[in-house]
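The values are calculated or read from the model by the stated rules, or taken from the named source; none is laboratory data. As the structure is a computational prediction, the values presented were derived from the model and not from experiment. Here Cβ is always computed from backbone atoms with ideal geometry, including for glycine, and neighbour counts include all displayed protein chains. Note: areas computed on protein heavy atoms with side chains; ligands, DNA, RNA excluded. Shrake-Rupley method; radii C 1.70, N 1.55, O 1.52, S 1.80 Å.
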Amino acid sequence: QMSEFMHKLGDMTPNGAGMTAYLKILQGYDLSQFIWPIIYLCLFGFVMFVLSLLVFPKRGEMA
């Protein structure tokens with residue numbers, strides 16, 4: 001019973017995308033119904049990994 005805006009906002013967070021994919025898998029939806037939340041989670045994880053490489057110093061380097 002939530003508005004469409006709140007639904008989209010929730011799907012843009014990693015927790016919301018993961019929960020959406022998980023619930024659709026449990027409910028027996030087709031792969032096409034939950035592939036986008038999974039792709040979003042993979043892309044989000046990749047972006048966070050790249051950002052961590054840029055932000056955190058390498059071992060042995062002085063910050």
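Model label points for Met2 and Leu53, set 7 angstrom from Cα along the Cα-to-Cβ axis, are 3.3 nm apart. GNM on the chain, alpha-carbon springs under 10 angstrom: the most fluctuating residue among Gly18, Gly28, Gly45 is Gly28.
Backbone phi angles across the range 26-41, fed through the Karplus curve with coefficients 6.51, -1.76 and 1.60 (θ = phi - 60°), yield HN-Hα couplings of 5, 7, x, 5, 5, 4, 5, 7, 10, 6, 5, x, 5, 4, 4, 5 Hz in residue order; Gly and Pro are listed as x. The separation of the range 1-17 from the range 21-63, counted between C-alpha centres, amounts to 17 Å.
In the complete set of protein chains, residue-level accessible area for Ser3 is approximately 60 Å², probe 1.4 angstrom. Express the carbon and sulfur contribution to the solvent-accessible surface of the chain as a percent, rounded to the nearest whole number, probe 1.4 angstrom. Ligands and nucleic acids excluded, carbon and sulfur reach 71 percent. Per residue, the Cα convex hull of the chain amounts to 107 Å³.
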